[in-house]
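Written out below as structure tokens is the structure these notes cover.
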């Protein structure tokens, strides 16, 4: 899989991007195709497009920014965290793995973003996920994200403690 | 002469005493009702705090990886918020009646702020048929400001990270161009 940093000039490449018919999926398509990705990039978010190894097809996109969250509850003080504002895989690649791969493309994109989050340096990675998007919730859970009870406008908040991942690796 | 004056005065005093005793009874009744309302509000306040406490226990357990909340757990907590809100409107009607008599329970503001919190929680967590979900992306960077101190702290952290997610991406079958 190839990761290429997304720029506004590349928007024509995603004009046909389609990742599902559910409302939350459509929001993701609109995000990358419209102004939202560019607006988000102007606020510091980095966005990548992911291609098949031969570069012929777009698999999906992922993004990474930073924000301030109160975790695990609204009673806790705000801390700065990395956040995945948007992540989507085209319908054609839903649940698919590369020919020689051990994990799905979605998981590879997520792993890439986790790598980048660690580079960012914030010890926590968070995201919002639509409460109806069970496939995404499963994906994030498998990667170690905890589902917080706190939510916003029908979106669940999920949290990954990156420092735990670091400790795990140090022990290995 | 003097006796009739005294009788008139006595009549006035007795009449006043009798009349005001009726008013006093009414005032006492209203005051007692205000107390009853205050106690009722306190029951609601206490129940809300217990609910928040229960939620906190779940959230902390999930956060620390001790317990994974099930959909049933979440639904149970959400339904308790919905249930808690049910008496709010009748209670407000009671409060309005008391206010019309010049009484106001001392804990009314606290109760109302909890009502508002519960409404927000329910609005956020429970789906409204036909409503559009909020764009996660729109929410993501809302109100975010990175301070220089934050950036410095991050740089320090980066320097000591030797982790699974630091290193060549190619190990994970990803090539970054």
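Against the condition in contact with a helix residue (DSSP H, G or I) (Cβ under 9 Å, 6 or more places away or on another chain), surrounded by fewer than 18 Cβ atoms within 10 Å (Cβ to Cβ) and within 8 Å of chain B (Cβ to nearest Cβ), how does residue A:98 come out, does it pass?
So residue A:98 fits the description; yes.
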Task: So residue A:66, is it at the interface with another protein chain (Cβ under 8 Å from one of its Cβ atoms) and either surrounded by 15 or more Cβ atoms within 10 Å (Cβ to Cβ) or modelled with pLDDT of 90 or more (or both) - done: yes
TODO: Could you grab me the full set of residues in region A:101-115 that are part of a helix (DSSP H, G or I) and more than 8 Å from chain B (Cβ to nearest Cβ)?
DONE: A:105, A:106, A:107, A:109, A:110, A:113
- [ ] Starting from residues that are in contact with a helix residue (DSSP H, G or I) (Cβ under 7 Å, 6 or more places away or on another chain) and buried (at least 23 other Cβ atoms within 10 Å of the Cβ), keep the ones in region A:81-95 and report whichever is farthest from residue A:44 (Cα to Cα).
- [x] A:89
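Against the condition within 22 Å of residue A:48 (Cβ to Cβ) and at pLDDT 85 or above, how does residue A:139 come out, does it pass?
yes
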- [ ] Among the candidates A:118, A:89, A:14, A:47, single out the residue that is in contact with a strand residue (DSSP E or B) (Cβ under 9 Å, 6 or more places away or on another chain), in contact (Cβ under 8 Å) with a residue 24 or more places away in the chain and within 8 Å of chain B (Cβ to nearest Cβ).
- [x] A:118
Open item on the list: Kindly evaluate residue A:37 against the criterion of being buried (at least 16 other Cβ atoms within 10 Å of the Cβ) and either under 13 Å from the mean Cα position of the chain (by Cα) or at pLDDT 90 or above (or both).
Closed with: yes
Task: Set A:72, A:77: member being more than 9 Å from chain B (Cβ to nearest Cβ) and either under 19 Å from residue A:137 (Cβ atoms) or surrounded by fewer than 16 Cβ atoms within 10 Å (Cβ to Cβ) (or both) - done: A:77
Task: residue A:167 modelled with pLDDT under 85 and within 16 Å of residue A:23 (Cα to Cα) - done: no
- [ ] Would you kindly identify the helices (runs of 4 or more DSSP H) lying entirely within region B:58-128 that contain at least 3 residues that are at pLDDT below 80 and at the interface with chain A (Cβ under 9 Å from one of its Cβ atoms)?
- [x] B:108-125
Task: residue A:38, sole failed condition from (1) free of Cβ contacts under 8 Å to residues at least 40 places away in the same chain; (2) in a loop (DSSP other than H, G, I, E, B) - done: (2)
Task: Every residue from region A:51-85 that is touching a strand residue (DSSP E or B) at 6+ places or on another chain (Cβ under 7 Å) and more than 19 Å from residue A:162 (Cα to Cα) - done: A:51, A:52, A:53, A:55, A:57, A:58, A:59, A:60, A:61, A:74
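The values are calculated or read from the model by the stated rules, or taken from the named source; none is laboratory data. Remember, it's a predicted structure, so these values are computed and weren't measured experimentally. Cβ atoms come from the backbone with ideal geometry, glycine included; neighbour counts cover every protein chain shown.
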